[in-house]
Amino acid sequence: MGWEFGVRKKYLEIDLSNGKICIFEFPESYYGKFLGGKAFNAKFLLDAKLYNCEPLSEENQIILSVGPVTGTTTPGVGKAIFSTRSPLTGGYLDSTIGGSLGHNIKLSGYDGIIIKGKSEKPVFLEITNDKATLHDASELWGKGCFDSEKLLREKYGTKYSVAVIGPGGENLVPYAVVHADFYHQAGRGGVGAVLGSKNLKGLVVFGNQEVPLYDSKAHYAKTLEIIKKFHQDPGVKFRIKYGTMSTLDLTQHFGIVSVKNFTEGITEAYETNMNRDYFRENYISRDLGCLGCSMPCGKAATVDFNNQQHRVGGPEYETISVIGTNLEVGPSETLYFNWLCDDLGIDTVSAGNVVAYVVEALEDGKLSKNDVGYELKWGSSKNVERAMQDIAYIRDFGKYMALGVKKLAEELGLDSGKAIHVKGMELPGYDPRGSTGYALGYAVADRGGCHRRARPTRKEQENEEFRFAYQGKGEFMKEQEDIRAFYHSLIICDFVPPRYKMKIKDYAEYITLITGMEFDKDEAIRVSERAFTLARVFNLKCGLTARDDVLPQRFYKEPMKKGNADGKLISWDGFLVMREEYYRARGWDAEGIPTQKTLERLGIGGIVL
């Protein structure tokens, strides 16, 4: 039996250069080897040889995929994943997005969308089941994400998923986001800029074609049993109440909060107004969930700022940390800047890092007020709004900040050791000096500085010695990455499995119930290994090597200040031990190059390095 259930076996291909819309079919063997999502996309990027084109060129392409569980009641569905060559790092990129976009793509009859070429004028794509149409987007071009979505919803209503870019994407900021369903973003690496380079303002998608399942009764019964068992679980209820805001409890305890451009590990405001309860009691107006999720961990917050009321999705921990505690601004300011970044269509993590880097350079005298055009200081919200707007519109000093911290430092001859990034992607709010797992995870992450490839802190918080250990971390982080890569190939949310006590084997069983194909944990791990190895090969072809699998010099040379990681730094020798162990666990050589034996073992031996 082939893949007759659970997948559509077709993608919608959009060539914006000539307006041609057609069906693209991958070999059926791809579904067995790569499932969907991350692994599927990584294979596509290599097959399309996108490493040969510039990220913002007409030749670059975007693939937006779902997976076999999308459109079902499997716990954790609700995600879709964009992949392309990143304008921020120049390498491999995948970026997930929640809301209802993934469901509507699958229910409209497709496993994903391939976007290529460049339109002569701004357009948006409408998909209504089997019908796909390009429309003029001139009246939307130049508008923020919120106004753009409102205008589209006035025309299409609430049943459609709407995904758009803002001024950041239109102006090709390399960390521009895709903004969907008001409260969701594909936030990292610049997918929004790639859409902007193609003059594609966004997508509106609706589908209501049922996904055929191999054993729908058993599938439904399995889901119902899990939800009944855990819906009243304290951990699930805690996640619903606080979302990711509670992550600050962990990072404050560990002493790894991002404060003042990663110079201190705790925030003094934690005891007053920068904590989960303060946000929940003073700003959160409702809980939000991706379509079909039984654990709505998203939040809608309302904030009054400058005599205007704004409603924003969040705050997520990353924004609290990388904008709020990093710049040492208060909760209202954090939420407003969150809203502003969302409306402008730029990544809060990259934007917060860039502004913090400039603040430190001003404080150190490496930049002057005349250079920047205005003052930026720790603990002051003054001019932060202006800085973010300058970034999105590439104006004045914003043309440098829009480059990201790596290229900003290079362009102006500033201290690169204080530019907090890996491979050009700015780091999220976990200081690696207090977690050697994150130190390694950031360095080897396929898309650059990323915390979503693996999460080491669950084990590290149970064992203080292991938290700062170097030996054993390579194998451990490889195992953690494989879990996430499998989930991102299904594609499901990171948060549901640990709360519902679900493991890889549980989702492997779901694949069999959905598709009828035999699938087990071992094959799930092979899908993950293929995903990471394919991404690695893509990065190598983009010129990213072991030399790029490193952290900023700050973490090797400057001990942490304050908190439970006070005085810690990353040992260079210890780091090399971890990295070598990780390469070995992946089946790559000492330079991080996959061996032919590994490629053959994974069934991708035809790849030419």
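The values are calculated or read from the model by the stated rules, or taken from the named source; none is laboratory data. Because the structure is predicted, anything quoted here is derived from the model rather than measured. Please note: Cβ atoms are built from the backbone with ideal geometry, for glycine as well, and neighbour counts cover all protein chains shown. The accessibility values were calculated without ligands, DNA or RNA, using every heavy atom of the protein model including side chains. Shrake-Rupley method; radii C 1.70, N 1.55, O 1.52, S 1.80 Å.
See the values below:
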| item | result |
| --- | --- |
| Per-region count, the stretch 394-415, residues on the phi < 0 side of the Ramachandran plot and open to solvent by 80 Å² or more (accessible area, probe 1.4 Å) | 5 |
| Enumeration of residues in the stretch 300-312 that are open to solvent by 10 Å² or more (accessible area, probe 1.4 Å), touching a residue at least 24 places away in the same chain (Cβ under 8 Å) and either in contact with a Gly (Cβ under 7 Å, 6 or more places away or on another chain) or more than 15 Å from Ser380 (Cα to Cα) (or both) | Asp304, His310, Arg311 |
| Thr533, sole failed condition from (1) touching a residue at least 12 places away in the same chain (Cβ under 8 Å); (2) in contact with a Pro (Cβ under 7 Å, 6 or more places away or on another chain); (3) open to solvent by 10 Å² or more (accessible area, probe 1.4 Å) | (3) |
| Residues located in the stretch 118-143, provided they are open to solvent by less than 10 Å² (accessible area, probe 1.4 Å) and among the small types (Gly, Ala, Ser) | Ala137 |
| Pair list, Cβ < 7 Å and 6+ apart or interchain, from the stretch 2-22 residues that are over 27 Å from Leu513 (Cβ atoms) to residues that are hydroxyl-bearing (Ser, Thr, Tyr) | Leu16/Ser119 |
| Selected residue (criterion: farthest from Phe5 (Cα to Cα)) from residues of the stretch 466-525 that are among the β-branched types (Val, Ile, Thr) and open to solvent by 10 Å² or more (accessible area, probe 1.4 Å) | Ile483 |
| Pairs with Cβ under 8 Å, 6+ apart, first in the stretch 129-141 and on the phi < 0 side of the Ramachandran plot, second of a type in the set (Ser, Thr, Tyr) | Asp130/Ser108; Leu134/Ser119; Leu140/Ser148 |
| The stretch 582-595 residues that are of a type in the set (A, V, I, L, M, F, W, C), paired with ones that are part of a loop (DSSP other than H, G, I, E, B) (beta carbon under 7 Å, 6 or more apart) | Trp588/Thr595; Ile593/Leu609 |
| Wholly enclosed helices (runs of 4 or more DSSP H) of the stretch 163-241 bearing at least 2 residues within 24 Å of Gly314 (Cβ to Cβ) | 167-170, 191-197 |
| Of all residues in the stretch 584-606 being under 13 Å from Val537 (Cα atoms) and of a type in the set (D, E, K, R), the one that is surrounded by the most Cβ atoms within 10 Å (Cβ to Cβ) | Arg586 |
| Single unsatisfied condition, Arg433 versus (1) without any contact (Cβ under 8 Å) to a residue 60 or more places away in the chain; (2) surrounded by 24 or more Cβ atoms within 10 Å (Cβ to Cβ); (3) in contact with a Leu (Cβ under 6 Å, 6 or more places away or on another chain) | (1) |
| Residue in the stretch 293-302 that is touching a Lys or Arg at 6+ places or on another chain (Cβ under 7 Å), under 27 Å from Gln461 (Cα atoms) and part of a loop (DSSP other than H, G, I, E, B) present | yes |
| Given (1) assigned to a helix (DSSP H, G or I); (2) surrounded by 16 or more Cβ atoms within 10 Å (Cβ to Cβ), number of the condition Val257 does not satisfy | (1) |
| Filtered residues of the stretch 148-160 (kept if touching a Phe, Trp or Tyr at 6+ places or on another chain (Cβ under 7 Å) and not in a helix (DSSP H, G or I)) | Lys159, Tyr160 |
| Check on Val329, modelled with pLDDT of 95 or more and not in a helix (DSSP H, G or I) | yes |
| Identity of the residue in the stretch 440-465, part of a helix (DSSP H, G or I) and open to solvent by 40 Å² or more (accessible area, probe 1.4 Å), that ends up modelled with the lowest pLDDT | Arg458 |
| Residue ID - nearest to Pro174 (Cα to Cα), chosen from residues in the stretch 355-372 that are small (Gly, Ala, Ser) and crowded, with 16+ Cβ neighbours inside 10 Å | Ala356 |
| Residues of the stretch 319-335 satisfying the condition of being surrounded by 24 or more Cβ atoms within 10 Å (Cβ to Cβ) and not β-branched (Val, Ile, Thr) | Ser321, Gly324, Asn326, Leu327, Leu335 |
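Residue-wise test of (1) at pLDDT 95 or above; (2) under 22 Å from Leu125 (Cα atoms); (3) β-branched (Val, Ile, Thr).
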position: Glu25; (1), (2), (3): yes, yes, no
position: Ser29; (1), (2), (3): no, no, no
position: Leu56; (1), (2), (3): yes, yes, no
position: Ile63; (1), (2), (3): yes, yes, yes
position: Lys79; (1), (2), (3): yes, yes, no
position: Ser83; (1), (2), (3): yes, yes, no
